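See below for the structure under consideration.
The values are calculated or read from the model by the stated rules, or taken from the named source; none is laboratory data. Note that the structure is predicted; figures quoted are calculated from it, not measured. Because the Cβ atoms are built from the backbone with ideal geometry, glycine has one as well, and the counts that use them run over all protein chains shown. Heavy atoms of the whole protein, side chains included, go into the accessibility calculation; ligands, DNA and RNA do not. Shrake-Rupley method; radii C 1.70, N 1.55, O 1.52, S 1.80 Å.
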Amino acid sequence: MVVSLRLPSLSSLFLPSVTRRSPAVLRRHHHHILRTPVFAASFSAQTTVSETDDRVDTQKSNRVQDQAVTPRSKDFNAWYLDVIEQAELADYGPVRGTMVIRPYGYAIWEAIQDYLNVKFKETGHSNMYFPQFIPYSFIEKEASHVEGFSPELAVVTIGGGKELEEKLVVRPTSETIVNHMFTQWIHSYRDLPLMVNQWANVTRWEMRTKPFVRTLEFLWQEGHTAHATPEEAEKEAIQMIDVYTKFAYEQTAIPVIAGRKSKVETFAGAVKTYTIEAMMGDRKALQAGTSHNLGQNFSRAFGTQVLFLMLQEIEASFVFTDESGLRQHVWQTSWAVSTRFVGGIIMTHGDDTGLMLPPKIAPIQVVIIPIWKKDDDRAVVLNAASSVKEALHAAGIKVKLDDSDQRTPGWKFNFWEMKGVPLRIEIGPRDVSSQSVVVSRRDVPGKQGKVFGISMEPSVLEAYIKDKLDEIQSSLLEKAKSFRDSNIVDVSSYDELKVAISQGKWARGPWSAGDKEELRVKEETGATIRCFPFEQPHGIKSCLMTGNPAEEVAIFAKSY
C-alpha cells in the first residue's frame, strides 16, 4: 500500500488505536504526555547524607516528591515513554507517528554524528546531499527494492496546486537517486572508488511506531560507494560494519553482536547485509546499524536501462571502462545508522530512576549542585561552584552548573539523575571551608557511589573526575555484556529454541535450513534470525531444525 500525502493524518499520535477522541479520552491514553513533571526519589534517597546540615532539607524534600517515571522493572514500555518525556529527549509531533527531537535528545545525536563523521572521513568518504524527492520510476527500476519498500512509501501527487506528471516518493532510502547520479559521474575506472555519505531525514510510513526506535520520519546517515571489483565492495561493507561495531562498544557502551543477515532478512536489493544487533533491557533485539553489499543489482538496473535507450552514449550509463578497455557495471555498498541508536542507549543502560548515559555520549558529563541554607552562604558557595565549573570546562569536561533558585537541591538531584548525567558534584558551605567537594556516581546508587572530601584543587579534581568518567564508561559496558551473555541460550533443537524464546531470551544454535523453515520459526515463536555472528565456533554441527550438517550458528530473538 502506498500512502499519498494529499491528506496527512493530524488527529493521532504514536498510539495507532487513538484517533479522534475527546480531551478526556486523550488524557487517559496519553497521561505521560499531559502530566506535570515530577521526579522519583530513588537514587538520591538512598545516598548518604553529608555531615553538613545543608543536605538535611534536601533529603527530606526527596521523600515527599511523587513518582512520575514508571519503574522499568514494572512496565518497560511505559518506562521508556516516561523517560523520553521526563528527560526532555523528544515530544510527539502533530502528525501521527512523528516526533520532535528536543535539544537534550538532539545533543546525543550530535555526539553520534561527531564521532562517525571523523571515522567516515578517515576511511575516505566525503559528505554530500541528495534531494528528498525521488521520481517514482526510480523506485520501480530495482524489482526487489520496490517490493520491499512499497508498503512504507509516502508519495506526493500534487505540487503547486496541480497534479504532478510523475509521482514523487519522499525519500525512504537513497539507493535509487544515488545510482541515477552515479551514472552521470562514473565513466572510467579512474572515477572509482566513489565514496560518499549524507546526513539526512527519511520517511517510512510505519503503522506501529515507537519514539526513536520506529517513527514515520527519522534522521540518519547513509553511505553509498561504488567500486571496480566485487572484492573491493565486500571489503568496504565489512569495514563499515566494523566502524559501527567499534562505535557501539567504545562510545555507547553497547556490546553489539556483529554478523551477517539471513537471506530472508537481507536488505531489499542487496546481495549481503551485515548488521550489529544489540540486546535491550527487556531482552528484545535492536538492529542498531547495517552495511549492505549491493553487488551489481542497482548498477545493472540503472545501467541496463541506459544501455537499451542510449546505445550511442554508453559511456554515460552506469557502466565503466576498466583498465583492459572492457565495460563493466560497478559494484556497490550502502550503510547506515539512525536516531534509533538513541533509543538503544536509553533501553540498554536506563534503570528505574530513568536515563543513564555513558560519559562519552552524554551531553552533560558532570552537573554541579550548589547547596546553601542561609543567604549569607549563597555567594560564597556559588563562587566556589563557578570556579569548579571553569576548571572542569577548561579540562575539556562537559559540565553544567545548576545555580537556579526555583528548585531545591533535592529536586535537582532527582532531575539530573533522571536525565542520566554520569557524575554529580555537591558543594555546600562546609565543603567550601574545607576546599573539597562531594562526588556522586549515577551508575552506583547509595553510599557506595558517593565520595566525600575530594579536593577542589583543579589538577586533583580534574584527574579524579576524568578517572571516574572512564570507570563509569567501562562499568556500563561490562554490565551490559554480563546482561547480554546471561540471556543468550545455546540450543541444539527446535524445541530448545522455542523454550528459550518463550522465556524472553536469545537462542543461539546451528542453522542450515532454508527460507521456509526460517519463516516457520518466525510464525510459531515471533523470533527471527538476527544474524549469523562473525565469531563462530569451530567444527561442523547439526542444524537444529533439519539435523543436516551446519557450518554456522545463528542467533534468534524477538526484536523491535
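So the values come out like this:
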| read-out | value |
| --- | --- |
| Boolean, LEU286 is within 14 Å of the chain's Cα centre (by Cα), open to solvent by less than 10 Å² (accessible area, probe 1.4 Å) and farther than 25 Å from ASP470 by Cβ | yes |
| Residue ID - surrounded by the most Cβ atoms within 10 Å (Cβ to Cβ), chosen from residues in segment 385-425 that are free of Cβ contacts under 8 Å to residues at least 24 places away in the same chain and hydroxyl-bearing (Ser, Thr, Tyr) | SER386 |
| Total residues in segment 511-532, condition in a strand (DSSP E or B) and either open to solvent by 10 Å² or more (accessible area, probe 1.4 Å) or basic (Lys, Arg) (or both) | 3 |
| Close pairs (8 angstrom Cβ cut-off, 6 or more residues apart or separate chains): among the polar types (S, T, N, Q) in segment 489-508, open to solvent by 80 Å² or more (accessible area, probe 1.4 Å) anywhere | SER492/LYS541 |
| Test: ALA87 is in contact with a Leu (Cβ under 6 Å, 6 or more places away or on another chain), under 30 Å from ILE361 (Cβ atoms) and small (Gly, Ala, Ser) | yes |
| Residue within segment 511-518 that is of a type outside the set (Gly, Ala, Ser) and either in contact with a His (Cβ under 8 Å, 6 or more places away or on another chain) or without any contact (Cβ under 8 Å) to a residue 40 or more places away in the chain (or both) present | yes |
| Test for LEU382: is it in a helix (DSSP H, G or I), touching a strand residue (DSSP E or B) at 6+ places or on another chain (Cβ under 8 Å) and surrounded by fewer than 22 Cβ atoms within 10 Å (Cβ to Cβ) | yes |
| Every pair of residues 6+ apart whose Cβ atoms lie under 6 Å, when the first sits in segment 171-197 and is in contact (Cβ under 8 Å) with a residue 24 or more places away in the chain while the second is assigned to a loop (DSSP other than H, G, I, E, B) and of a type in the set (D, E, K, R) | PRO172/ARG204; TYR189/ASP322; TYR189/GLU323 |
| Test set (1) in contact (Cβ under 8 Å) with a residue 60 or more places away in the chain; (2) farther than 30 Å from TRP511 by Cα - ARG204 fails condition number | (1) |
| Considering residues of segment 256-283 that are among the hydroxyl-bearing types (Ser, Thr, Tyr) and assigned to a loop (DSSP other than H, G, I, E, B) only, the residue farthest from the chain's Cα centre (by Cα) | SER262 |
| Residue satisfying condition, being of a type in the set (Gly, Ala, Ser) and under 20 Å from GLU234 (Cα atoms), within set SER150, SER137, SER188, SER126 | SER126 |
| In segment 255-275, the residues that are open to solvent by 20 Å² or more (accessible area, probe 1.4 Å) and not hydrophobic (A, V, I, L, M, F, W, C) | ARG260, LYS263, GLU265, THR266, LYS272 |
| Any hit, segment 411-428, residues being in contact with an Asp or Glu (Cβ under 9 Å, 6 or more places away or on another chain) and aliphatic (A, V, I, L, M) | no |
| Failed condition for SER174, given (1) open to solvent by 50 Å² or more (accessible area, probe 1.4 Å); (2) over 30 Å from ASP82 (Cα atoms) | (1) |
| Odd one out for VAL342 among (1) within 22 Å of LYS481 (Cα to Cα); (2) open to solvent by 60 Å² or more (accessible area, probe 1.4 Å) | (2) |
| Checklist (1) without any contact (Cβ under 8 Å) to a residue 60 or more places away in the chain; (2) open to solvent by less than 30 Å² (accessible area, probe 1.4 Å); (3) under 30 Å from MET418 (Cα atoms) applied to ARG102, failing item | (2) |
| Pairs with Cβ under 6 Å, 6+ apart, first in segment 272-284 and touching a residue at least 24 places away in the same chain (Cβ under 8 Å), second basic (Lys, Arg) and in a strand (DSSP E or B) | TYR274/ARG260; GLU277/ARG530 |
| Subset of segment 180-189 (residues that are part of a helix (DSSP H, G or I) and modelled with pLDDT under 90) | TYR189 |
| Test: residue in segment 90-98 that is farther than 14 Å from VAL213 by Cβ, in contact with a Pro (Cβ under 8 Å, 6 or more places away or on another chain) and part of a helix (DSSP H, G or I) | no |
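Quick grid of which residues meet (1) in contact with a helix residue (DSSP H, G or I) (Cβ under 9 Å, 6 or more places away or on another chain); (2) part of a strand (DSSP E or B); (3) modelled with pLDDT under 90:
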| residue | (1), (2), (3) |
| --- | --- |
| LEU116 | yes, no, no |
| LYS121 | no, no, no |
| SER144 | yes, no, yes |
| GLU147 | no, no, yes |
| ILE158 | no, yes, no |
| GLU163 | no, yes, no |
| ASN197 | yes, yes, no |
| ARG208 | no, no, yes |
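Yes/no per residue for (1) surrounded by fewer than 21 Cβ atoms within 10 Å (Cβ to Cβ); (2) more than 30 Å from GLU518 (Cβ to Cβ):
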site	(1), (2)
ILE427	no, yes
ARG430	yes, yes
SER436	yes, yes
SER459	yes, yes
ASP470	yes, yes
ARG484	yes, no
VAL489	yes, no
LYS498	yes, no
GLN503	yes, no
